[in-house]
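Please treat every number below as a calculation from the coordinates, not as lab data. As the structure is a computational prediction, the values presented were derived from the model and not from experiment. FYI the Cβ positions are ideal-geometry reconstructions off the backbone, even for glycines, and counts take in every protein chain you see.
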Amino acid sequence: MKKMKFSVRTSIISRTKHCFSITFIILLASLSSACQITAPVTGTMTETTRGSVKYSQYYLWLKSLNNNQLLLEEHKQHSLLTSEVNGKALSQGKLILIYSLPNSTIHQPYKAKRLLNEHLLASNSMSKENLAFTMLLRDQLNTQLHLLEKQTLSEQELTKQSDEHHAIIEQLNQQLNHVNQQLMLLKLIDQNINERG
């Protein structure tokens, strides 16, 4: 039962990750087809004029980072978020993308969705391209969170069924023990009758 539960959970997780990976690749390919992606040698993402950045380029740049570099970028954006007044929306947008990375160690879709909702309420000067990317990301996060909720419900249902099965097995074992005890008593009675007889 545990192997079945584990394989179902693993299957659901791998299908979810695979679905989101394909969706993000298609999304990024379509949004960045007209964009030139440049990753400087220093390991930081260059920003365009007026302190803005194209989210599609930034997302692709994040995908090229390893886990340690992602952690450093997350820390940098947190620092900028708390220290800057003017660049707060930009840092918040970048954190949303960092937490949305599906295969990273800092993947936090619930946190990304919360920040995204705040970002959409507070931001009124987003470029059309960034707005489109953000809206698509919102839809993807909604789908991902829905799948995570379904996975949680499935796991809870499997646990419930497993507990029910364990209870039935325990009950059957108790009945078997009782029957074995009665059988032993019957054998003793039969042996006593044969000895007298």
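Which pairs have Cβ atoms under 7 Å, sit 6 or more apart or on different chains, and link a residue in the range 104-116 that is farther than 21 Å from residue 69 by Cβ to one that is crowded, with 16+ Cβ neighbours inside 10 Å and basic (Lys, Arg)? Cβ pairs passing all conditions: 116/138.
Pairs are defined by a Cβ separation below 6 Å, a sequence spacing of at least 6 or placement on different chains, a first member in the range 162-179 that is surrounded by 10 or more Cβ atoms within 10 Å (Cβ to Cβ), and a second member that is hydrophobic (A, V, I, L, M, F, W, C); the pairs so defined are 162/1.
Checked against (1) assigned to a loop (DSSP other than H, G, I, E, B); (2) in contact with a Gly (Cβ under 8 Å, 6 or more places away or on another chain), residue 130 passes all but a single condition, namely (1).
Quick one: which residue in 117, 103, 124 is part of a loop (DSSP other than H, G, I, E, B), surrounded by fewer than 17 Cβ atoms within 10 Å (Cβ to Cβ) and more than 10 Å from the chain's Cα centre (by Cα)?
Values: 117 fails: part of a loop (DSSP other than H, G, I, E, B); 103 fails: more than 10 Å from the chain's Cα centre (by Cα).
Going through 117, 103, 124 in turn, just one is part of a loop (DSSP other than H, G, I, E, B), surrounded by fewer than 17 Cβ atoms within 10 Å (Cβ to Cβ) and more than 10 Å from the chain's Cα centre (by Cα): 124.
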